[in-house]
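Have a look at the structure below, then the notes.
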Amino acid sequence: MKAVHFLFTAVHALMALLFALVSLALLWIAMSKGWGTLMQGFDGDSTLQMVEAMGVLAAAVVALQISQTVVEEEVVRDASIAGPTRVRRFLSRFLVVVVVALAIEALIATFKGQESPDSLIYSAALMVGVGAMLFGWGMFVHLNRSAEELEPEALQEATQEDAEISADAAAPADTGR
């Protein structure tokens, strides 16, 4: 059973690495797109091109945040997300970056809609979707609080792990002073 558990941890670590590599590739694309826009000079399409670069950058943040979440929750903590506190925290970390990325995509679609107003329906639908996700996420957090109150020890355990991980992350930086 330990071999299977190690295998799952290794797969999670590999997936986190791949998300981080995709994040770096997206960062490069966003920088190239932004730099290209700056080198061409500012014209009528500059705003749209810079907002598109920002959208790619937001996707890079999403990929990096997913990588960090997988590493912290599945590799470092080696924790099961069976408890309500862990589920809320995991989903919240994931949803915050997804909601921001979709909101930026809606912004990009709105800028593009200036050129062809019939595409504004897409950006409006995307904004409604972002609103629905925010509402659903808020309801989940609200309803999850009552479940967390039934298991206060799980919340204390997660908080203690946070402190330990923060201390471990800060330890190498403190030794160089």
Computed FRET efficiency, Cβ-Cβ of M133 and S32, R0 30 Å: what is it to the nearest 0.05? 0.50
Whole number in Å², please: accessible area per residue of segment 102-157, 1.4 Å probe, ligands, DNA and RNA not counted. 68 Å²
Between F140 and A13, what is the spin-label point distance in nm, taking each point 7 Å from the Cα along the Cα→C-beta axis? 2.8 nm
Answer rounded, prolate or oblate for segment 8-70, using the Cα gyration tensor with square roots of eigenvalues a ≥ b ≥ c: rounded when a/c is under 1.5, else prolate when a/b is larger than b/c, else oblate. prolate
Heavy-atom accessible area of F135, protein chains in place, probe 1.4 angstrom, given in Å² to nearest 10, is 140 Å²
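The values are calculated or read from the model by the stated rules, or taken from the named source; none is laboratory data. Keep in mind the model is a prediction, meaning the values are calculated, not measured. Neighbour counts are summed over all protein chains in view; Cβ atoms, including those assigned to glycine, are modelled from backbone coordinates with ideal geometry. Please note that ligands, DNA and RNA were not included when accessible areas were found on the heavy atoms of the full protein model with its side chains. Shrake-Rupley method; radii C 1.70, N 1.55, O 1.52, S 1.80 Å.
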